[in-house]
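Asker: One structure, as structure tokens, below. Some questions next.
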Amino acid sequence: MQTNYLALAIVVGYMAGLGLLTTLVQRSVTTTTTFTQGTSGHSGIPAVLVGLMLMSEFIGTSASVGTAQEAYRFGISASWNIIALGAGFLFYAYFLAGKYKESGHNTISAVFAEVYGPQTKIATSLVMIFALQIVAVALYAGGGAILSALLAVDRTLATVICGVVAVLYVFMGGMKSVVYTNVIHSLMKYIGIGVALYFGLTRVGGFGELQARLPGEMFSWTNVGWSQIFAWFIAGIGATFSTQYVIQAINTVETRQKAKAASLYTALLLVPFGIATALIGMCSLALFPNIKSINAFSALIADMNGVMAGVVAAGLAASLFGTIAAISVSTATLLYKDFYARFVTRDTDEQRSLKFIRVTTIIVGLLPIVLAIYTPNILQMTFLAKAIRASLSVLVLLVFYAPWFGTRTGALFSIVGSLVATIAWFVMGNPFGIDNAYVALVVPLVVMGLSSMIERIRTGGISGVPVEADRSAPD
């Protein structure tokens, strides 16, 4: 395998153009509000742009490369992991978009704090930061796999390069640049995936030939197993309900109607992308049956000519930079609002605060690189991050639709207990065939239910008169 200089030049040119756009946008980023929310006044961002941005943020290299990797093993059924995200945004549009917008908050921790108190706010921030860092690990691993094919270098070096370049890209403009560059990223992703699918099917000899060369079960929509499909839906829907950068993006629109529209746009864009990416992995299996599954997408790129490989690689670069930008800005926002502004300083020096956010963006962007080098299964890491966020989604639904259920203490133990239990279950290899997403869903429900029961017994509500836990009491 030789370095594809033409393809690399196309990717560099694409990133240089977006870098120029980011630099221009950066001139208007003079406050922490502009950096974290993308607006400096009351002028919202159009819903269709937010929809494109959210699609761009959820489809990173981890989703593109990871879905192709899973499709290399299980066929078209791997597409369910992205379709589940589309379903998540559909539900989000009708049940949560307006409520988040009306809350006036742009962090999930602030939403929780109104009902469950400040201790829950800190725990939520830590869980969300941890989950987003896991996503970044998978992103860099996927980006490294693609870049190694273009540069003909070791995947470790390629992963490091991806991480460093991504951090430099994000550093400049914050959420305002993320909105506009991610719209471009979304279009580039679709073009890149379309070109890759066309090339793969052409090399195989068409869809009919693909069916002839692969076992029949590879075209079964349930080949990966119903348990896995349901787990993807739990994690995918949960992730959309509770992900920090979704809330941040939705709050850039002006009204709850536009928030709902943005969510629907995102759902519509995700479904065809998932199917196309799975078909790419299947084409790779037909063409390269003896490679490692993690190289399913990169092997196809390595077989392309310079221009075609450059277009596809630029689309995947868009996947990497679009999502890592959202993750870095979201993480920096949580650290600034829930830790720096609360525990370090309460002054209103905008320049000092903006400097803190920019430096934090660099740090949280660089930290995942080391773990990304040793990640064997990209989709599993992405899925773990979704499962962790799914546990928070249970509390999100309770906050908006059943604030009387559970207690402050129960909410705190739900957050911490779900995090520990979900990760432990993942590390043990999902015992008894039970996916960690189910653990993430059940633990907060059980803990909040027990806390409600204990509170009612303690206050005498068990005798027949329901007693709601006092949420107004100081911690």
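The values are calculated or read from the model by the stated rules, or taken from the named source; none is laboratory data. Keep in mind it's a predicted model, so treat the numbers as computed, not measured. For neighbour counting, all protein chains shown are included, and Cβ atoms are generated from backbone atoms with ideal geometry for every residue, glycine included.
Asker: Out of contact with any His (no Cβ under 8 Å at 6 or more places or on another chain), at negative phi and not in a helix (DSSP H, G or I): is that true of Ile291 in this structure?
Answerer: On the way: out of contact with any His (no Cβ under 8 Å at 6 or more places or on another chain): yes; at negative phi: yes; not in a helix (DSSP H, G or I): yes.
Here the answer is yes, as Ile291 does meet what is asked.
Asker: Going residue by residue through the stretch 80-99, is there one that turns out to be closer than 30 Å to Cys162 by Cα, polar (S, T, N, Q), touching a Phe, Trp or Tyr at 6+ places or on another chain (Cβ under 9 Å) and part of a helix (DSSP H, G or I)? Show your work before the answer.
Answerer: Step one: filter the stretch 80-99 for residues closer than 30 Å to Cys162 by Cα, giving 80-86, 88-89.
Narrowing further to those that are polar (S, T, N, Q): 81.
Checking the rest, the ones that are also touching a Phe, Trp or Tyr at 6+ places or on another chain (Cβ under 9 Å) come to 81.
Restricting the remaining residues to those that are part of a helix (DSSP H, G or I) gives 81.
Yes, there is a match, as at least one residue in the stretch 80-99 is closer than 30 Å to Cys162 by Cα, polar (S, T, N, Q), touching a Phe, Trp or Tyr at 6+ places or on another chain (Cβ under 9 Å) and part of a helix (DSSP H, G or I).
Asker: Between a first residue in the stretch 180-201 that is modelled with pLDDT under 80 and a second residue that is of a type in the set (Asp, Glu), which pairs have beta carbons less than 7 Å apart while being 6 or more apart in sequence or on different chains?
Answerer: Partner pairs satisfying both residue conditions: Asn182/Glu57.
Asker: Take the conditions small (Gly, Ala, Ser), modelled with pLDDT under 85, farther than 18 Å from Gln380 by Cα and buried (at least 24 other Cβ atoms within 10 Å of the Cβ) and apply them to Ala138. Does it pass?
Answerer: Values: small (Gly, Ala, Ser): yes; modelled with pLDDT under 85: yes; farther than 18 Å from Gln380 by Cα: no; buried (at least 24 other Cβ atoms within 10 Å of the Cβ): yes.
It is false that Ala138 is small (Gly, Ala, Ser), modelled with pLDDT under 85, farther than 18 Å from Gln380 by Cα and buried (at least 24 other Cβ atoms within 10 Å of the Cβ).
Asker: Quick check on the stretch 47-90: of everything there that is aromatic (Phe, Trp, Tyr) and under 23 Å from Ala314 (Cα atoms), which residue is modelled with the lowest pLDDT?
Answerer: By that ranking, first place goes to Phe58.
Asker: Follow-up question, since we're still on this one. Does at least one position in the stretch 364-373 carry a residue that is surrounded by fewer than 22 Cβ atoms within 10 Å (Cβ to Cβ), under 30 Å from Glu70 (Cβ atoms), among the β-branched types (Val, Ile, Thr) and free of Cβ contacts under 8 Å to residues at least 12 places away in the same chain?
Answerer: Yes: the stretch 364-373 contains one or more residues that are surrounded by fewer than 22 Cβ atoms within 10 Å (Cβ to Cβ), under 30 Å from Glu70 (Cβ atoms), among the β-branched types (Val, Ile, Thr) and free of Cβ contacts under 8 Å to residues at least 12 places away in the same chain.
Asker: How many residues are under 30 Å from Leu8 (Cα atoms), touching a helix residue (DSSP H, G or I) at 6+ places or on another chain (Cβ under 8 Å) and among the small types (Gly, Ala, Ser) when one looks only at the stretch 103-158?
Answerer: So the answer is 10.
Asker: So which residues in the stretch 143-154 are farther than 17 Å from Met304 by Cβ and either acidic (Asp, Glu) or crowded, with 22+ Cβ neighbours inside 10 Å (or both)? Spell out the reasoning first.
Answerer: Kept after step one, since they are farther than 17 Å from Met304 by Cβ, are these residues of the stretch 143-154: 143-144, 153-154.
Passing the criteria: Gly143, Gly144, Asp154.
Asker: Cβ-Cβ distance below 9 Å, separation of 6 or more or different chains: which pairs start in the stretch 116-127 with a residue that is closer than 17 Å to Tyr340 by Cα and end on one that is assigned to a loop (DSSP other than H, G, I, E, B) and of a type outside the set (Gly, Ala, Ser)?
Answerer: Pro118/Asp475; Gln119/Asp475; Lys121/Thr107; Thr124/Thr107; Ser125/Thr107
Asker: Sticking with this one: Just need a number here: residues in the stretch 356-400 that are under 18 Å from Leu441 (Cβ atoms), hydroxyl-bearing (Ser, Thr, Tyr) and at pLDDT below 85.
Answerer: Of the residues in that region, 1 qualify.
Asker: What's the total number of residues in the stretch 405-461 that are of a type in the set (Phe, Trp, Tyr), in a helix (DSSP H, G or I) and surrounded by 15 or more Cβ atoms within 10 Å (Cβ to Cβ)?
Answerer: Residues flagged as of a type in the set (Phe, Trp, Tyr), in a helix (DSSP H, G or I) and surrounded by 15 or more Cβ atoms within 10 Å (Cβ to Cβ) within the stretch 405-461 amount to 4.
Asker: Name every residue in the stretch 202-254 that is in a loop (DSSP other than H, G, I, E, B), at pLDDT below 90 and of a type in the set (S, T, N, Q), in order of residue number.
Answerer: Thr243, Asn251, Thr252, listed by residue number.
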